[in-house]
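Structure first, then comments.
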Amino acid sequence: MNKSNKMKGPDIDHVLFESGKSIALTYAGDTGKAKNAGKILMEGSAYADHIIMQLEKSRDASSEIACKAGCPYCCSMQISITPPEAIVLGAHVVENYDTGAKNDLLKKIDHNIRLTYKKTQDEKVENWRETPCIFLKGGSCSVYAIRPFVCRSWHSLDVRQCIDSWRSKDKEAEIDSLFHRNYVFGIVRKGVQKGCEMLGLQWETQVVTSAVKSYLAHPNPIEGWLRGERVFKPG
Ligand code: SF4
């Protein structure tokens, strides 16, 4: 169940979408350089956070949110990310992981792909305890500062609902949340994708496992993406 769902409307849709689009056009456009591609996620997130803060000015919404560091239940799902997000995560792995850590990550990726790729939703849910997000470490997100849009938007107002749904493997379980938080990030992300599409760049989402694997397998992933190559491949 979503609360405070009264913000829906064409004007706010338009503003959020156009802002996301403009961020992508700015950082991946003609004047964009490879080092700027990662700024799309950070700028898009900062913008969405700013809008959410404005919407929550009159209430302390953060006190309603049940999410805490070390609570891993929603990180069992296989999230989908856009190319600019894959670039940030892939570059983080290249810069911060040594060979052993990178090999461990690739093993986790292959394990998750084996249990989820081309599987039905029911089969994925059946396996979700064995397929935590590849960036979940010791119950916490190891890429928190650069986590994707969907992770920033997702939250819960009741941790018991998260635990119950995880235990019961109920993919239809209701998790109470604040509608506007998911909504703002969702529309900004759509705008970012449109901006990428307008530039002739790959814009479709991929599951985080295959997106990061593709990044690591490519000799020059950012430059390739900016040239319009389909760098990120499923499976
Ligand atoms: S990137 Fe971080 S927050 Fe997102 S699903 Fe993975 S561990 Fe969870």
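The values are calculated or read from the model by the stated rules, or taken from the named source; none is laboratory data. In this text, all values refer to a predicted model and were calculated from it rather than measured experimentally. Cβ coordinates were reconstructed from backbone atoms using ideal geometry, including for glycine residues, and neighbour counts include every protein chain displayed.
Some points to look at:
- For the stretch 125-146, taking the residues that are of a type in the set (S, T, N, Q) and either closer than 19 Å to ALA173 by Cβ or touching a helix residue (DSSP H, G or I) at 6+ places or on another chain (Cβ under 6 Å) (or both), the one that is nearest to the ligand (Cβ to nearest atom) is identified as THR131.
- Looking only at residues of the stretch 133-155 that are at pLDDT 95 or above and in a loop (DSSP other than H, G, I, E, B), we find that the one that is surrounded by the fewest Cβ atoms within 10 Å (Cβ to Cβ) is SER142.
- Look at (1) away from the ligand (no atom under 14 Å from the Cβ); (2) more than 26 Å from VAL184 (Cβ to Cβ) and you find that ALA28 fails only one, number (2).
- The number of residues in the stretch 108-131 being among the polar types (S, T, N, Q), assigned to a helix (DSSP H, G or I) and exposed (fewer than 14 other Cβ atoms within 10 Å of the Cβ) comes to 1.
- None of GLU85, GLU95 is under 29 Å from GLN193 (Cα atoms), within 11 Å of the ligand (Cβ to nearest atom) and among the charged types (D, E, K, R) except GLU85.
- The single condition among (1) of a type outside the set (Val, Ile, Thr); (2) within 14 Å of the ligand (Cβ to nearest atom); (3) closer than 23 Å to ASP164 by Cα that ASP122 does not meet is (2).
- Scanning the stretch 49-71 for residues that are within 12 Å of the ligand (Cβ to nearest atom) and touching a helix residue (DSSP H, G or I) at 6+ places or on another chain (Cβ under 9 Å) returns CYS67, ALA69, CYS71.
- The lone exception for VAL188 - which of (1) more than 16 Å from the ligand (Cβ to nearest atom); (2) under 24 Å from GLU85 (Cα atoms); (3) surrounded by fewer than 19 Cβ atoms within 10 Å (Cβ to Cβ) it fails: (3)
- Residues satisfying the stated conditions in the stretch 202-235, i.e. farther than 16 Å from ILE134 by Cβ and touching a helix residue (DSSP H, G or I) at 6+ places or on another chain (Cβ under 6 Å): GLN202, TRP203, HIS218, PRO221, ILE222, GLU223, TRP225, VAL231, LYS233
- Of all residues in the stretch 138-157, those that are at positive phi have Cβ atoms under 7 Å from Cβ atoms of residues that are near the ligand (Cβ under 10 Å from one of its atoms), 6 or more apart or on another chain, in GLY139/PRO72.
- Only one entry in TRP166, TRP203 is surrounded by fewer than 23 Cβ atoms within 10 Å (Cβ to Cβ), within 28 Å of GLU64 (Cα to Cα) and of a type in the set (Phe, Trp, Tyr), namely TRP166.
- Of LYS119, LYS171, all but one fail to be touching a helix residue (DSSP H, G or I) at 6+ places or on another chain (Cβ under 9 Å), of a type in the set (Lys, Arg) and in contact (Cβ under 8 Å) with a residue 24 or more places away in the chain; the exception is LYS171.
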